[in-house]
1. Using 31 Å as the Cα-Cα cut-off, could you pick out the over-long pairs in K64/K86; K62/K229; K212/K266?
2. Return the FRET efficiency for the residue pair Y67, Q152: r is the Cβ-Cβ distance, R0 is 45 Å, and the value is rounded to the nearest 0.05.
3. Taking every pair of Cα atoms in segment 225-280, average 1/r, invert it to obtain the Kirkwood radius, and report Rg/Rh to two decimals.
4. Report the local net charge at E75: Lys and Arg +1, Asp and Glu -1, summed over other residues whose C-beta lies under 14 Å from its C-beta.
5. Which GluC sites (Glu not before Pro) does segment 105-212 hold that lie in a coil by DSSP with at most 13 other beta carbons within 10 Å?
6. Give me the net charge of V118's neighbourhood, meaning all other residues with Cβ under 13 Å from the Cβ of V118; Lys, Arg count +1, Asp, Glu -1.
7. How many times 2.2 N^0.38 Å is the alpha carbon radius of gyration of segment 116-229?
8. May I ask you to derive the FRET efficiency for Q175 and S272 from their Cβ-Cβ distance with R0 = 41 Å, giving the value to the nearest 0.05?
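Please treat every number below as a calculation from the coordinates, not as lab data. Owing to the predicted nature of the structure, the values given are computational and were not obtained by experimental measurement. Cβ placement follows ideal geometry from the backbone for every residue including glycine, while neighbour counts extend to all protein chains displayed.
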Amino acid sequence: MGPGLYGKYGGRGRPAVLRKRFGRQEGLDPPQGGQDYKSRDGSGRNPAGKAEKDMAFVEFDKVKKTYHMGEVDIEALRDVNFEIEKGEFCVIVGASGAGKTTILNILGGMDTLSGGRVMLDGKEISSYNQKQLTAYRRYDIGFVFQFYNLIQNLTALENVELASQISKAPLDAAQTLKKVGLGERMGNFPAQLSGGEQQRVAIARALAKNPKLLLCDEPTGALDYNTGKAVLKLLQDTCQDTGMTVVVITHNQALTAMADRIIRVKSGTVGSMELNRDIVPVEEIEW
Ligand SMILES: Nc1ncnc2c1ncn2[C@@H]1O[C@H](COP(=O)(O)OP(=O)(O)OP(=O)(O)O)[C@@H](O)[C@H]1O
Ligand SMILES: [Mg+2]
């Protein structure tokens, strides 16, 4: 991984940008989420009844998801409420089956909900039709999966270009690969790269779309300890340096130490949500 944009931030503790962000949340500055929300009734209030200025960047409001399996109903999400502010590094943690992937898939427009409401950047994505959801996934969301999901017969550069080509305001594919430390490996196919390198291509692919939100489902689940740390550092640095809002799903409690916001999911509900006042750089976390 190269220095520059993704270089270390200076030492332990909360960087200035985060102090500012949390200051805003405490009411010192106006919030930035929801600026382009247009209320249908012209009242300046969103469907949840809040004034625009009170809206968070991401809002889950009483979200329910029930899967029907023949005679059986599986309540994957029972009543999920949380919010995420713009530019935050958010970790969603919980046991297997708690509902983490279901939450991320709904947030990413890859799954529908059975009840409740989801807002992103002032827009009610839970009311989107299929066409709107396709555009939302294409332009607004970057996804990083556990098993990379790269196209095997395309090079690293071509994998990233494929994603950036469908975006409205893409970043330069080669430049983005350089930023994740793969400037020398752009012509390699996925099979010629290590797991950590493949995941970095996947992150570059997601970032090159210049999305509003980067969603990562167990991004280090297939990686060894040190490689996993390097990938998490890349995600943390990306959030710090570019202001990208990043959501990472994990079952690893230790990773909560690196988050701005920690959302704990338990049996289809949010057990707790907290802001972390002592953010630890990932290289200092042991598990
Ligand atoms: N397509 C589906 N059909 C039926 N049930 C499902 C489906 N997807 C998820 N579930 C169920 O919903 C619940 C939540 O699943 P989810 O995948 O969100 O859990 P998770 O927290 O991501 O778990 P893990 O850590 O194992 O990935 C589980 O009980 C799961 O079996
Ligand atoms: Mg999962």
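1. Working: K64/K86 24 Å; K62/K229 34 Å; K212/K266 27 Å.
Violating the 31 Å Cα-Cα cut-off are K62/K229.
2. Numbers: r = 31 Å, r/R0 = 0.69.
Rounded to the nearest 0.05, the efficiency is 0.90.
3. On the way: Rg = 12.0 Å, Rh = 12.3 Å.
The Rg/Rh ratio comes out at 0.97.
4. Working: positive: K62, K64, K65, R78, K266; negative: D73, D79.
That works out to +3.
5. Numbers: sites: E124, E158, E161, E184, E197; in loops: E184.
Listed in order of number, the matching sites are E184.
6. On the way: positive: K62, K64, K65, R117, K123; negative: E59, D61, E83, D111, D121, E124, D140.
Every neighbour counted, the sum reads -2.
7. Numbers: Rg = 14.8 Å, N = 114, 2.2 N^0.38 = 13.3 Å.
So the Cα radius of gyration is 1.11 times the expected 2.2 N^0.38 Å.
8. Details: r = 39 Å, r/R0 = 0.96.
FRET efficiency, Q175 to S272: 0.55.
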